[in-house]
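Below is one structure, written out as structure tokens; the observations come after it.
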Amino acid sequence: MSAATTRSRTPDRLCAEAVDLARAAAEEVAAPGVVGEYEGLVSEGDRVVTHFFACREAGYRGWRWAVTVARASRAKIVTIDEAVLLPGPDAVLAPEWVPWSERLRPGDMGPGDLLPTDAEDLRLEPGFSGEEEPPPNSAVSQDMAELVEAEDAEVTEGAPAHLAVAPTRGSIAAVAEELGMRRARVLSRYGLHSAADRWEEAFGAKTPMAQAAPASCVSCGFLTPIGGSLGQAFGVCANEFSPADGHVVSLAYGCGGHSEAAVMPKPPQPAPPVIDETRVDPFPLRPSPDSGSVPVTEDESSAELGHS
């Protein structure tokens, strides 16, 4: 260790004794009654010392007033270098600033908000540009244009290379437009994997709902398939009673609203009545002639009197 390093770590005696000078400088910068008790010093270099005073300002717990004093070489007068408010080891600090692009979370956007995407966004890659190379023997190909210009011939209106060609059915441009790829940028492989990880975490096989489900979505009648490569592992739930209604779900996801989870039982049929109250039994006003023990008689007078 050199002598210069030793001197820089040893506080200068005159600078270390200038505590009152440092306090006066701190009280001049701070509000009245804010500068607290003395908390020590630290050597900043040759004849440079920083004195610390506690801060009594509300909301600045753990902060300290730091007053740096210095002395010129072979001088006996100590002067003030600077007085600032600095956080201490136990100071309450604001969280580290994070750019808005990293603070944004799903669901933070509202009506009218615009979310720009980075030109180098890893989730996107260039899509179909729309420029289709014509066949070599086409009238608008570069080779035919050079041939026409060389022979000084004019077979079309204007230069053939500058003629507009509408994409015909079955061409690359028509197929790209039909597949939805005729865009400036499409999802990259990284973007596809990122989306799949989010959907798998929200509505995947490892969720508690899927663990308790009687069957998976791959056999559910409410599952609506989606196109593209993601359709091999995901679909859209169309069951209004499901917690995933309208969401992209994994084919391994499941819930209690599965179309084949339970069959609705038939309504029970009432038992036949013991007494049929809907039937009418006829009762004659007079007994039948053969219903009693009195024999039938032809004498009306005796029949009216009865028998003894």
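Work through the residues other than E96 whose Cβ is under 13 Å from its Cβ and net out their charges, Lys, Arg +1 and Asp, Glu -1.
Every neighbour counted, the sum reads 0.
How large, in percent, is the carbon and sulfur part of the accessible surface of segment 37-124 at a probe radius of 1.4 Å?
Carbon-and-sulfur percentage of accessible area, whole number: 54.
Show me, for segment 42-47, the HN-Hα J-couplings you get by feeding each phi into the Karplus relation (A = 6.51, B = -1.76, C = 1.60, θ = phi - 60°), rounded to Hz, glycine and proline as x.
8, 7, 9, x, 5, 6
Please report, as a whole percent, how much of the solvent-accessible surface of segment 183-241 comes from carbon and sulfur atoms (probe radius 1.4 Å).
59
In sequence order, what are the phi-derived ³J(HN,Hα) couplings for segment 223-230 according to the Karplus relation 6.51 cos²θ - 1.76 cosθ + 1.60 with θ = phi - 60°, rounded to whole Hz, with x for glycine and proline?
7, 9, x, 10, x, x, 5, 5
Could you rank T68, T79, T278 by how accessible they are, 1.4 Å probe, largest area first?
T278, T79, T68
How charged is the neighbourhood of L21? Take every other residue with its Cβ under 15 Å from the Cβ of L21, and add Lys/Arg as +1 and Asp/Glu as -1.
-2
Calculate the length of the line joining the C-alpha centroid of segment 193-224 to that of segment 84-121, in whole Å.
Measuring centre to centre over Cα atoms gives 32 Å.
The values are calculated or read from the model by the stated rules, or taken from the named source; none is laboratory data. Given the structure is predicted, the values throughout are model-derived calculations rather than measurements. Methodologically, a virtual Cβ is constructed for each residue, glycine included, from the backbone with ideal geometry; neighbour enumeration extends over all protein chains shown. Heads up: the accessible areas ignore ligands, DNA and RNA and are worked out on the full protein's heavy atoms, side chains in. Shrake-Rupley method; radii C 1.70, N 1.55, O 1.52, S 1.80 Å.
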